[in-house]
Amino acid sequence: MIHMKKKRIKKTIILLILLLLPNLFTGCWDQQPIGRLKIDLTMGMDISPEKRLLITRSAPVYEEEISSKSEIITEEVNSPQRSREESRATSYNLTVGGKLQQILFSKELASIGISDLIEVSERDTESSPLAMVIVVDGSTKELLKKANEMKDKPAPGFYINRLIDNNIKRASIPETRVHNFCIAYFAPGIDPIVPRIKLESDENIGIKVMGSALFSGDKLVGEIDIRDTAILLAMMGEMRRSVYSFETSRSFLEGNRPKTASSFSINRTKRKIKVRMDNGIPKVDISLDMRGNVQEYRWGGIKDNKDKSELEKLVGDEITGICEKVLKYTQEVGSDPIGVGSMMRAKYGAQWKEDQWKENYKKTVFNVKVNYTIKHHGVIK
């Protein structure tokens with residue numbers, strides 16, 4: 001009798017499982033062939049001659065019978081949301097959102113201010129807060145169209161994504177996504193910094209990473225090159241592994257030779273920052289402890305520890321000079337990407353005035369000290 005009851009219970013459980021299984025796989029019926037979808041990966045924004053928004057959207061084409069790598073649609077509109085609706089009315093595929101990887105802004109547009117254009121990514125679930133924010137030297141429309149015509153490059157969205165990702169790993173540019181930009185924009189005492197790229201169309205090279213764009217609030221106010229960006233990232237505490245090159249001192253050269261530069265890697269950086277007020281003047285001590293290897297130098301130039309110490313001091317002094325130059329430039333343009341104002345606010349609380357910080361930042365006195373240690377200087381001894 002007990003055996004019969006157990007058998008009946010077992011059959012009932014199996015029957016319930018069989019009845020529930022179809023409900024677990026109902027999502028599989030909502031599939032869409034990728035060839036019939038329009039997935040915007042890149043959006044570029046310019047100012048039209050009529051002073052309206054000129055928005056270009058790029059979506060890869062997956063159908064083999066179509067030769068174009070991407071579908072490029074440009075609309076002249078009054079808002080980013082409107083451009084999406086207009087592109088849906090034009091595209092022959094079903095448009096899906098949430099996959100945007102890059103938002104490009106022309107320098108002209110970024111100089112006016114971009115907070116009103118980025119805010120749609122905060123509100124709309126179809127816009128990705130993980131999209132990279134990038135400034136373009138020139139027209140974003142032209143950059144996307146030319147990139148789509150390059151036969152030796154992938155679709156613009158994939159091309160720009162790999163280019164930006166590789167240069168972030170090399171500390172050539174910052175990693176600034178929509179949410180990073182918003183945090184820096186809304187946080188008192190710190191300003192955003194974003195990657196800057198340019199179309200090299202003269203020789204059909206492709207798209208080139210130029211460095212970084214400095215913002216004051218939501219307005220572009222300055223720009224620095226790749227070399228200076230790496231040092232700024234070090235002072236921001238965000239530097240990854242990088243290779244640093246500079247002109248060799250004349251005392252290290254022998255004869256009239258075309259090679260005049262040396263290269264050193266920066267594999268690890270430790271940053272310390274101390275802020276204080278001295279008679280109403282903000283003062284900041286920045287200490288950078290760097291470790292790296294000699295990548296390129298003069299043959300036989302490091303014979304003993306004395307040569308090594310002299311070279312370490314030479315590199316440290318050179319990087320210190322770059323730090324001071326970059327900091328002075330940020331003060332001139334009124335951008336605080338390091339967040340000195342935020343540190344002052346945390347330390348002095350109510351004494352710190354946000355409306356006065358822009359002027360006080362220009363008066364800030366910086367004291368920079370860089371200690372560079374050579375870990376390896378060759379594989380042959």
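The values are calculated or read from the model by the stated rules, or taken from the named source; none is laboratory data. It should be emphasised that the depicted structure is a prediction, and the values quoted were computed from it without experimental measurement. Positions of Cβ are generated from backbone atoms using ideal geometry, with glycine treated the same way; all protein chains shown enter the neighbour counts.
Here are the numbers for this structure:
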{"read-out": "Selected residue [of a type in the set (A, V, I, L, M, F, W, C), assigned to a helix (DSSP H, G or I) and buried (at least 21 other Cβ atoms within 10 Å of the Cβ)] from ALA171, ALA213, ALA147", "value": "ALA147"}
{"read-out": "Residues that are in contact with a helix residue (DSSP H, G or I) (Cβ under 6 Å, 6 or more places away or on another chain), outside any strand (DSSP E or B) and more than 30 Å from GLN351 (Cβ to Cβ), drawn from segment 175-200", "value": "GLU175, VAL178"}
{"read-out": "Contacts under 7 angstrom Cβ, first residue in segment 99-124 being assigned by TED's automatic domain parsing to the domain that holds PHE158 and under 18 Å from SER335 (Cα atoms), partner outside any loop (DSSP other than H, G, I, E, B) and small (Gly, Ala, Ser), 6 or more apart", "value": "ALA110/ALA213"}
{"read-out": "Meets criteria (at pLDDT 95 or above, under 30 Å from PHE105 (Cβ atoms) and in the same structural domain as MET132 (by TED's automatic domain parsing)) for ILE205", "value": "no"}
{"read-out": "Filter result for ALA147 (over 18 Å from the mean Cα position of the chain (by Cα), in contact (Cβ under 8 Å) with a residue 60 or more places away in the chain and not assigned by TED's automatic domain parsing to the domain that holds TRP352)", "value": "yes"}
{"read-out": "Any chance ILE66 is assigned by TED's automatic domain parsing to the domain that holds VAL133, assigned to a strand (DSSP E or B) and either at pLDDT 85 or above or surrounded by fewer than 21 Cβ atoms within 10 Å (Cβ to Cβ) (or both)", "value": "no"}
